[in-house]
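Before any comments, here is the structure.
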Amino acid sequence: MNSLLENIRIALTALFSNKLRAILTTIGIGIGIAAVIILVSLGNAAQAYINRQFVGAGVDVITVSNGAGFGGRSDSAGVKLSMRDLTVLQNNVSGVLLTVPILNSRAAVEFSGNTTSTAITGTQTAYFDLQNRTVESGRLFDSSDEDSNGRVVVLGQTTAQALFTNGEDPIGQTIRLGSVQFRVIGLLARSGASVTGQDQDDTILVPISTAQSKLTSARNISGDLPVSSIVLKAASVDAVPDLTARITSVLRTAHKLKPTDDNDFNVSNSQDTLTSLSSIISTLTAFLAVIGGISLLVGGIGVMNIMLVTVTERTREIGLRKALGAKFRDILSQFLTESIVLCFVGGFVGLLLASGVIALLDTLVRDLRPTISMSSVFLAVSVVTLVGVFFGLYPASRAAALSPIQALRTE
């Protein structure tokens with residue numbers, strides 16, 4: 001123990017005797033450590049952000065979409081799902097809290113000379129509960145609007161700002177979707193961007209019966225009213241995998257598909273998507289850590305270079321110590337300790353630098369919430385120790401292997 005403390009004291013003395021050289025070396029190590037900590041922390045923060053977004057959107061949600069792709073196509077050949085499928089699922093799949101049809105389209109929207117193109121979602125009133133959407137003003141459409149094919153709409157904030165540029169109150173105004181006039185009955189509360197970055201406030205919601213009769217003429221082969229997708233909310237998260245399989249089986253039977261036929265629909269759930277995204281983020285985090293490790297490698301080479309110079313400068317000291325009885329392991333431990341101390345000082349600098357950058361990012365990007373986790377600190381300490389040992393071992397071995405006679409003769 002006393003020997004270790006003495007080696008640390010000697011190492012600190014050596015650092016202070018060559019301040020500029022020590023500062024430059026520790027900065028190199030510090031930048032490498034900071035890069036690893038920052039990149040790993042950002043990767044973890046991104047994964048946590050995605051998890052929060054999916055939890056908010058609901059990991060108990062299952063989506064059935066057209067085989068032609070999410071949203072389907074406007075022509076009848078692309079329409080596979082219909083209101084009949086909605087009824088089949090409602091009657092044959094238990095353990096579901098909500099079953100909501102959605103018909104997606106896009107159209108030019110006009111009000112008093114202002115025109116914008118936006119997403120139009122035809123759906124039922126249960127959609128608002130499913131997506132946790134509420135109104136800031138006005139009201140949501142209800143079952144009476146659906147039954148009467150009411151030409152009423154609820155606007156998102158982004159769409160309302162694009163149409164009502166002169167400060168008009170949207171409620172009660174008449175807008176035109178394509179060639180059909182609709183009355184604005186509600187303005188949705190702001191929702192922000194989705195996990196994929198899509199603006200959820202750039203939208204118009206209409207009763208699905210109105211969308212099917214006024215905004216599209218598409219029908220499937222049987223003449224049934226089309227839907228782009230059907231969204232189901234499971235009674236529990238644990239039931240999602242089983243429900244996904246049952247939904248697939250029920251729809252294959254309803255569509256009269258043979259065992260060898262491919263599905264003409266897609267069934268997906270948030271858990272599958274979350275797992276895929278988490279895997280991608282984990283891979284990306286590891287890749288970023290490798291990039292940060294390259295900076296650390298450069299810093300480590302700097303440590304080895306400095307330690308080799310130190311050994312050359314202190315050759316006579318080494319010879320004197322060996323002449324007084326110092327053994328191979330004593331010299332080895334001394335210079336190895338100096339290398340590790342140098343790296344630890346650099347690691348401390350890197351930790352301070354990483355903390356400052358993370359704090360700045362937390363201020364600039366509130367939603368991301370980056371933090372330095374204990375795992376990052378443990379990683380930093382481990383890496384610093386390994387760098388000190390790895391890059392200090394050769395110079396220390398070289399110093400310990402010097403002949404005392406040759407070392408004392410060195411000028």
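Just so you know, all these numbers are worked out from the coordinates, no wet-lab data involved. Keep in mind that this is a model prediction, so the values were computed, not measured. With ideal geometry, Cβ positions are generated from the backbone for all residues, glycine too; neighbour counts draw on all protein chains shown.
Here is the tail figure for the range 141-280: Cα pairs spaced more than 20 Å apart come to 64 percent of all pairs.
Rounded to the nearest 500, the 222 nm mean residue ellipticity of the chain from helices alone is -18500 deg cm²/dmol, with -39,500 (n - 2.57) taken per DSSP H run of at least 4 residues. The listed peptides 293-300, 124-131, 321-328, ordered by packing as a protection proxy, come out as 293-300, 124-131, 321-328 (highest mean of other Cβ atoms within 10 Å first). Straight-line reach from K256: taking Cα to Cα under 23 Å and skipping same-chain neighbours fewer than 8 places apart, the lysines in range are K80. Each of A193, I175, A107 was placed along the dipole of the range 61-235 (beta-carbon charges, centred on the mean Cα), and the one lying farthest toward the positive end is A107.
Give me the dipole magnitude in Debye, nearest 20, for the chain about the Cα centre, with unit charges on the beta carbon: positive for Lys and Arg, negative for Asp and Glu.
It works out to roughly 1500 debye.
Using only the alpha-carbon atoms, how far is helix 19-57 inclined from the longest principal axis of the chain? Give it as 0 to 90 degrees, nearest 10. The two axes meet at around 20 degrees.
Calculate the dipole size of the range 292-338 relative to its Cα centre from +1 charges on Lys and Arg beta carbons and -1 charges on Asp and Glu beta carbons; express the result in debye to the nearest 20. Spell out each step's value before the answer.
Working: 6 positive and 4 negative charges, 47 e Å.
For the range 292-338, the charge dipole is close to 220 debye.
For the range 61-235, the share of DSSP beta bridges that are antiparallel, to the nearest 5, is 80%. With only Cα atoms counted, the range 61-235 has Rg and Dmax values of 15.8, 51 Å. Rounded to the nearest 10 degrees, the inclination of helix 83-92 to the longest alpha-carbon principal axis of the chain is 70 degrees.
Of the beta bridges in the chain, as assigned by DSSP with both residues counted there, near 80 percent are antiparallel. A protection proxy built from the mean count of other Cβ atoms within 10 Å ranks the segments 27-35, 39-47, 346-354, most packed first, as 27-35, 346-354, 39-47.
Report the net charge of residues surrounding V100, where surrounding means a beta-carbon distance below 15 angstrom and charges are Lys +1, Arg +1, Asp -1, Glu -1. Net charge around V100: -3. When the chain is described by a simple charge dipole with +1 on each Lys and Arg Cβ and -1 on each Asp and Glu Cβ, the residue from L163, L353, L393 located farthest towards its positive end is L393. Phi-derived couplings, Karplus 6.51 cos²θ - 1.76 cosθ + 1.60 at θ = phi - 60°, listed residue by residue for the range 279-288: 5, 5, 5, 4, 5, 5, 4, 4, 5, 5 Hz, with x used for Gly and Pro. Thinking of the chain as a set of Cα atoms, what percent of all their pairs are more than 28 Å apart? Across the chain, Cα pairs with separations above 28 Å total 63 percent.
Extent along the principal axes, Cα only, for the range 276-401: 63, 28, 21 Å, with the longest axis given first. Per-residue packing, averaged as other Cβ atoms within 10 Å, sorts the ranges 106-113, 259-266, 388-395 into the order 388-395, 106-113, 259-266, beginning with the highest.
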